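Chemist: So that we are looking at the same thing, I have put the structure below in structure tokens.
Nothing in this text is a laboratory measurement; each read-out follows from the coordinates by a stated rule. In this text, all values refer to a predicted model and were calculated from it rather than measured experimentally. Cβ coordinates were reconstructed from backbone atoms using ideal geometry, including for glycine residues, and neighbour counts include every protein chain displayed.
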Amino acid sequence: MMRNIAFVSFLFLWACGVDQNKKEKQSEIVILSENIQNDPTNTDLLLARANYNKGQGNLESALFDLNQCLQLDSLNSAFHFSVAEIYFELSKKNNADGRHPSLAKHHLDKALKLNVNDEKYHALLGELLLAYAKYKEAIGIFNASLKIEYNQSKTHMLMGYAFKQLGQEDDAINCFRNAVNIDPEYKEAFVQLGQIFHMRGDTTAVVYYDNALRLDPADEMTLYNKALFYQSIMNWNAALEAYAALHKVSAFHSSGHYNIGFIHMELGLYDVATNNFSDAIYGNSEFYEAYYSRGNCFETLGNIAQAEVDYKRAIEINPDYTFAADALKALDLRNKKFNK
């Protein structure tokens, strides 16, 4: 009984703490609004409320106050930049107003005319251009930003994306390396480096994947990519170990189970592979490739009836999946010859 009372008391105290935080936040915005009502031309107050709303994700409210700031001081480059930031964030939302990107650029251009020596203005313009696939222009703007302030890990990172999209991998590698040299905790830069070396079949990929996993051991995508790399170079033991690490984090990762099945097929362990494909299907009941592969294993093991069931299920899920259709036809032909 005492344990239950203590637990309920803890819940009560925690709830009180949450309520107190809500009250403090409400009082903060209420006080700001009251102060603005008493002093409507105070841009410091308007900016403070805009920043508060931005922090809360209320971008439209933040934009309203920032536009008020601009009406009061249209020559303030920082106000133009802040408005551009909001328009850029709004442009990323679903069903965004199609004018938002051009409005973001308009205000960035204004900010840069008023102050061409702020690296943040150049960096955001480069990011905007990158988002709309203007890669060469973005690189030029990123370089302008880095000339003002070199130690910007995000800007190096974004420039690396632009080079990667242009197929200039060596330049992309340099940018991603610059990013992690500046910020050794920049996980995404390690991931990007891992992916590039992965595609090259270079074992340096594992070094970069491991650096990313050091920062985030539960990153499913990186765990999967590491295992997939070992599989691609046919290091089966290392691949199986890496998939096991993935399944400790995500037990029902269907693609992981499917790939383990593929490895066991390569090793001639068809009975083990059937279980792996079954695990893949358990994680994703619409995984038609897993049905086909399991059917292939059953056929190899002589279980023709189950192979036929799996091929038909694969075709049922994806009627255009020719591998299963061809396998089923071949199976039927062999059965007809055998039964003659």
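Chemist: In degrees, nearest 10, range 0 to 90: what is the angle between the Cα axis of helix 220-232 and the longest Cα principal axis of the chain?
Modeler: Orientation of helix 220-232: about 40 degrees from the principal axis.
Chemist: Also: Once you list every other residue whose beta carbon is under 11 Å from the beta carbon of Lys187, what net charge do they have if Lys and Arg are +1 and Asp and Glu are -1?
Modeler: -4
Chemist: Starting from the Cα gyration tensor of the range 55-145, take the square roots of the eigenvalues, sort them a ≥ b ≥ c, and report rounded, prolate or oblate (rounded when a/c is under 1.5, otherwise prolate if a/b is larger than b/c, else oblate).
Modeler: It comes out oblate by the Cα gyration axes.
Chemist: When the chain is modelled as a GNM with alpha-carbon springs shorter than 10 Å, which of Ala305, Ala227, Ala62 fluctuates the most?
Modeler: Ala305
Chemist: Continuing with this model, one more query. Calculate the length of the line joining the C-alpha centroid of the range 88-110 to that of the range 286-315, in whole Å.
Modeler: After rounding, the separation between the Cα centres reads 51 Å.
Chemist: By how many degrees, between 0 and 90 and to the nearest 10, does the Cα long axis of helix 59-72 differ from the longest principal axis of the chain?
Modeler: 30
Chemist: Holding the Cα-Cα limit at 22 Å, pick out from Lys54/Lys92; Lys134/Lys187; Lys92/Lys248; Lys93/Lys164; Lys54/Lys93 the pairs that are longer than that.
Modeler: Table pairs above 22 Å Cα-Cα are Lys134/Lys187; Lys92/Lys248; Lys93/Lys164.
Chemist: So, in Å, what gap is there between the alpha-carbon centers of the range 157-211 and the range 28-51?
Modeler: 44
Chemist: For the chain, find the longest principal axis of its Cα atoms and tell me its angle to the long axis of helix 236-249, 0 to 90°, nearest 10.
Modeler: Around 50 degrees separate the two axes.
Chemist: Students often forget the sequence filter, so: which aspartates and glutamates lie under 17 Å Cα-Cα from Lys136 once same-chain residues fewer than 8 apart are removed?
Modeler: Lys136 reaches Glu127, Glu169, Asp170, Asp171.
Chemist: Among Ser33, Ser91, Ser293, determine the one that fluctuates most according to a GNM of the chain built with springs between C-alpha atoms less than 10 Å apart.
Modeler: Taking springs between Cα atoms under 10 Å, the residue moving most is Ser33.
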